[in-house]
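**Student:** Below you'll find the structure I mean.
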Amino acid sequence: MEPFLHITLHQPCIPNNTGTIGRLCVATGCALHLIHPIGFDTSEKACRRAGLDYWPRLRVCEHADWEAYLRDSGATEERLWLFSARRGLPVWEATFSPGDHLVFGGETQGLPQQLLDRYEQRTLRLPLAPGERSINVACAAAAGLFEAMRQLRGVWERRIAAALGKEAGGEASKGYHRGHG
């Protein structure tokens with residue numbers, strides 16, 4: 001089955017964040033792309049600890065640089081959504097499609113200015129309270145991903161139902177979005 005969405009980390013440097021995002025990808029049927037240079041080896045204990053027992057099931061691709069990522073992943077401009085702490089449309093103004101790539105920058109520097117300029121119309125932000133700089137990249141990835149999933153709920157429910165061998169609208173999809181507590 002093709003990945004539901006793609007999460008891309010541009011030059012991440014903290015293994016725990018990448019492990020957490022990897023776990024998020026497995027749990028949501030997404031692929032993870034890592035664009036080098038990265039600040040750690042993906043076999044590092046911290047990365048795998050954060051990913052728990054999900055890590056072996058992760059669809060992860062490593063790319064030498066941005067151009068290699070575009071070439072090898074098949075991501076086209078209309079499938080890219082770049083996230084920035086300081087500029088772009090609010091995330092809820094985007095219209096997501098299955099197979100889109102949600103791109104996040106490294107923890108200390110974010111995405112390079114040249115990429116934000118090149119893809120200005122495809123740049124999103126997670127609105128923050130006045131005066132706040134940013135949020136953790138794993139939190140940002142989760143927020144962006146779940147907004148995309150909210151918009152694509154019907155597609156998501158059909159995928160889950162198919163994976164469980166049930167029709168969309170059956171018990172599989174009913175149980176998925178039922179609230180707890």
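Readers should treat all values here as calculations from the given coordinates under stated rules, not as data from a laboratory. Just so you know, these numbers come straight off a predicted model, no measurement behind them. Here the Cβ positions follow ideal geometry from the backbone for every residue, glycine too, while neighbour counts run over all protein chains shown.
**Student:** For the chain, go through all pairs of different Cα atoms, get the mean of 1/r, take its inverse, and jot down that Kirkwood value in Å. Provide the component values of the computation, followed by the final result.
**Tutor:** Details: mean 1/r = 0.0593 Å⁻¹.
It is 16.9 Å.
**Student:** Might you report the magnitude of the Cβ-based charge dipole of the chain about its Cα centre, with Lys and Arg at +1 and Asp and Glu at -1, to the nearest 20 debye? Spell out each step's value before the answer.
**Tutor:** Numbers: 21 positive and 20 negative charges, 116 e Å.
Here the chain has a charge dipole of around 560 debye.
**Student:** Now for a different question. Helix 137-151: angle to the longest alpha-carbon principal axis of the chain, degrees 0 to 90, nearest 10?
**Tutor:** Approximately 40 degrees, to the nearest 10.
**Student:** Using only the Cα atoms of the range 105-163, build the gyration tensor, take square roots of its eigenvalues as a ≥ b ≥ c, and label the shape rounded, prolate or oblate: rounded if a/c is under 1.5, else prolate if a/b is larger than b/c, else oblate.
**Tutor:** prolate
**Student:** Show me 145-152, 97-104, 64-71 ranked by packing, highest mean number of other Cβ atoms within 10 Å first.
**Tutor:** Packing proxy ranking, top to bottom: 97-104, 145-152, 64-71.
**Student:** What value, in deg cm²/dmol to 500, does the helix sum -39500 (n - 2.57) over DSSP H runs of n ≥ 4 give at 222 nm once divided by the residues of the chain?
**Tutor:** Per the formula, -11000 deg cm²/dmol.
**Student:** Which of S43, S84, S134 comes first, and how do the rest follow, when ranked by fewest Cβ neighbours within 10 Å? Could the numbers behind the result be given before it?
**Tutor:** Working: S43 9, S84 20, S134 16.
Exposure proxy ranking, most exposed first: S43, S134, S84.
**Student:** Okay, next question. Could you derive backbone 3J(HN,Hα) for the range 57-67 from the dihedral phi with the Karplus parameters 6.51, -1.76 and 1.60 (θ = phi - 60°), listing whole Hz in sequence and x where the residue is Gly or Pro?
**Tutor:** Computed from phi, the couplings for the range 57-67 are 8, 6, 8, 10, 10, 9, 10, 5, 6, 4, 5 Hz.
**Student:** Which residue fluctuates the most in the chain, going by a Gaussian network model with Cα springs under 10 Å, if the choices are A142, A161, A129?
**Tutor:** Looking only at A142, A161, A129, the largest GNM fluctuation is found for A129.
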